[in-house]
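**Q** Dumping the structure here so I can ask a few things about it.
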Amino acid sequence: MLTEVWADLADLVLPAECAGCRGTGLPLRQGACPACARTLQALR
């Protein structure tokens, strides 16, 4: 839970773009937005 809080704070302070769709202002986990992360997971 604490990890999620830190990740959310990092997204606010250090905005980045998704490595897959280049979307900005999205909550990123491992460099990909939730939609791209699901797509990548499905490919595994």
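The values are calculated or read from the model by the stated rules, or taken from the named source; none is laboratory data. Worth saying up front: this structure is predicted, and the values here are computed from it rather than measured. Side chains included, ligands, DNA and RNA excluded: accessible areas come from the protein's heavy atoms. Shrake-Rupley method; radii C 1.70, N 1.55, O 1.52, S 1.80 Å.
**Q** Quick check: residue separation of MET1 and LEU43 times 0.36 nm, minus the Cα distance between them. What number comes out in nm?
**A** Extra length from MET1 to LEU43 when fully extended: 12.4 nm.
**Q** Is it possible to state the helix-based mean residue ellipticity at 222 nm for the chain, with each DSSP H run of 4+ residues giving -39500 (n - 2.57), the sum divided by total residues, to the nearest 500 deg cm²/dmol? What is it?
**A** -15000 deg cm²/dmol
**Q** Compute the helix-to-body angle for 34-43: its Cα long axis versus the longest principal axis of the chain, expressed 0 to 90° and rounded to tens.
**A** 40 degrees
**Q** Probe radius 1.4 Å, ligands and nucleic acids ignored: give me the carbon and sulfur share of the accessible area of the chain as a rounded percent.
**A** 64 percent
**Q** How much accessible area per residue does the chain have, counting only protein heavy atoms and a probe of 1.4 Å, in square angstrom?
**A** For the chain, the solvent-accessible area averages 85 Å² per residue.
**Q** Let me ask something else. If you compute Rg/Rh (Cα atoms, Kirkwood Rh) for the structure shown, which of (1) 1.42; (2) 1.00; (3) 1.31 do you land on?
**A** Computed from the coordinates, Rg/Rh (Cα atoms, Kirkwood Rh) corresponds to (2).
**Q** OK, next. By how many degrees, 0 to 90 and rounded to 10, does the Cα axis of helix 2-13 deviate from the longest principal axis of the chain?
**A** 90 degrees
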